[in-house]
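Undergrad: Before I ask anything, let me first share the structure, which is written out below as structure tokens.
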Amino acid sequence: MESIDWKNLPFGYFKTDYNVRCYYKDGKWGGIEVTDSEFVTMHMAATCLHYGQEAFEGLKAFTGIDGKIRIFRLGENALRMQRSAKDILMAEVPVSLFEEMVIKAVKLNIKYVPPYGEGASLYIRPLLIGTGAEVGVKPGKEYLFMVFVGPVGPYFKEGFNPVKMQIVRDSDRAAPHGTGHIKVGGNYAASLRAGDRAHHEGYASAIFLDACEKKYIDEAGPANFFGIKNNTYVTPDSHSILPSITNMSLCVLAREMGLTVERRPFPVTELEEMEEVGACGTAAVISPIKEIHDRETGKVYHFCKDGKAGPVSTRLYEQLRAIQEGKAPDTHGWITVVE
Ligand code: PLP
Ligand code: COI
């Protein structure tokens, strides 16, 4: 194997040795298959290709300070994929099958798990797609669940250095009663135009507002949003955002640090009062935000006046990373050690 420059890995696709697959047919899941092929052959009328029957997950494995490999919140990701499947009428992957396949994919590619201290991790991408042939709009009868993995660096090239983000008002990633709360491809298709434009205009990500009134913050592209003020962690409550497992974990850590946690609508105007703001997610971990530009109104909100992440975001980041790397005890049962 060519040596990998762990410190300079981008967040992107990385070819590894194997991926694992399981097919759902005649109302049941088959056996787990291991392959070295990066390709999927399917019927041209597959429901994932025409009607968006597709859901995915994103989680990470880390090498700890003790050399052990830890997967973060495996069970939560399995449950979220079940919710996604249920919502768009796909076959649900049993939690035990999901967990077994993720662990297998990590073990088969163990040499690609970045060593401790390189600032990189193994990104795990479970994917569920409708493969049955249909032409009328209806759910398919056949599904493929697969898991591939690859080493990654930070999602935003700045890593834990503060980024600039852009509020968009002419584009929505999800409708108020749509599919924003589940992890399906359609939400990401709907976010591409605004996200790509934000990148070209010099921002790390677009920030989407509630689609109805454009008054409240929803999400920061592929990550949840949070703000800190008066010793309080505030994060949006909305049906059109993905329930982030990282955010859920940060809420627990924030409470443990003595902060009050508020999950409620987050008015854009409240940004004026925030001491710190950030984006959080598996890929982004915590990405502190130094500037938010409202593209339509021209208003700019400034944070991180000294150019560095704020103290609360920093403590949250360090505590989360410490649990993931086995430096702090796993008191909540968030870790699966790969034996
Ligand atoms: N929001 C969106 C739209 C995402 O794609 C992700 C990534 O999974 C998140 C939030 C963060 O969720 P999690 O912390 O579970 O990775
Ligand atoms: C994640 O944070 O795991 C994501 O899936 C974000 C993005 C790569 C879709």
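Undergrad: For the range 195-207, enumerate the residues that are of a type in the set (A, V, I, L, M, F, W, C) and either out of contact with any Asp or Glu (no Cβ under 8 Å at 6 or more places or on another chain) or farther than 13 Å from R169 by Cα (or both).
TA: A198, A204, A206
Undergrad: Would you check which residues across the range 217-259 are within 16 Å of ligand 2 (Cβ to nearest atom) and under 16 Å from D330 (Cα atoms) and list them?
TA: I245, T246, M248, S249, L250
Undergrad: Take the residues in the range 113-133 that are under 10 Å from G150 (Cα atoms) and in a strand (DSSP E or B), then tell me which one is farthest from ligand 1 (Cβ to nearest atom).
TA: L122
Undergrad: Any residue that is more than 16 Å from ligand 1 (Cβ to nearest atom) and surrounded by 23 or more Cβ atoms within 10 Å (Cβ to Cβ) - is there at least one of those in the range 80-88?
TA: No, the range 80-88 contains no residue that is more than 16 Å from ligand 1 (Cβ to nearest atom) and surrounded by 23 or more Cβ atoms within 10 Å (Cβ to Cβ).
Undergrad: Could you please find all residues in the range 44-84 being within 13 Å of ligand 2 (Cβ to nearest atom) and either among the small types (G, A, S) or farther than 30 Å from H332 by Cα (or both)?
TA: Result: E54, A55, G58, A61, S84.
Undergrad: Anything in the range 305-326 that is farther than 20 Å from I245 by Cα and either loosely packed, with under 15 Cβ neighbours inside 10 Å or of a type in the set (D, E) (or both)? List them, or say none.
TA: K305, D306, G307, K308, P311
Undergrad: Within the range 110-132, count every residue that is buried (at least 22 other Cβ atoms within 10 Å of the Cβ), under 19 Å from F56 (Cβ atoms) and within 21 Å of the chain's Cα centre (by Cα).
TA: 7
Undergrad: Do we have any residue at all in the range 14-30 that's within 16 Å of ligand 1 (Cβ to nearest atom), under 23 Å from the mean Cα position of the chain (by Cα), surrounded by 20 or more Cβ atoms within 10 Å (Cβ to Cβ) and among the polar types (S, T, N, Q)?
TA: No, the range 14-30 has no match at all.
Undergrad: Looking at (1) in contact with a Ser or Thr (Cβ under 8 Å, 6 or more places away or on another chain); (2) surrounded by fewer than 22 Cβ atoms within 10 Å (Cβ to Cβ); (3) of a type outside the set (A, V, I, L, M), which is the one condition that is false for F225?
TA: Among (1) in contact with a Ser or Thr (Cβ under 8 Å, 6 or more places away or on another chain); (2) surrounded by fewer than 22 Cβ atoms within 10 Å (Cβ to Cβ); (3) of a type outside the set (A, V, I, L, M), the lone unmet condition for F225 is (2).
Undergrad: Tell me yes or no: at least one residue of the range 133-151 is within 27 Å of I88 (Cα to Cα), among the acidic types (D, E) and surrounded by fewer than 22 Cβ atoms within 10 Å (Cβ to Cβ).
TA: Checking the range 133-151: at least one residue is within 27 Å of I88 (Cα to Cα), among the acidic types (D, E) and surrounded by fewer than 22 Cβ atoms within 10 Å (Cβ to Cβ).
Undergrad: Right, something else. Please go through the range 31-70 and pick out each residue that is free of Cβ contacts under 8 Å to residues at least 24 places away in the same chain, of a type in the set (G, A, S) and farther than 29 Å from N187 by Cα.
TA: Within the range 31-70, G31 is the sole residue that qualifies.
Undergrad: Can you tell me which residues in the range 247-304 are hydroxyl-bearing (S, T, Y), in a loop (DSSP other than H, G, I, E, B) and surrounded by 14 or more Cβ atoms within 10 Å (Cβ to Cβ)?
TA: Across the range 247-304, the qualifying residue is only T282.
Undergrad: Then there's this: Given G64, G58, which one is under 23 Å from V95 (Cβ atoms), in contact with a Phe, Trp or Tyr (Cβ under 8 Å, 6 or more places away or on another chain), surrounded by 15 or more Cβ atoms within 10 Å (Cβ to Cβ) and not hydrophobic (A, V, I, L, M, F, W, C)?
TA: G58
Rule-based calculations on the coordinates, nothing more; no lab input. Model, not experiment: these values are computed from the prediction. Cβ sites come from the backbone with ideal geometry, for glycine too, and all protein chains shown count toward neighbours.
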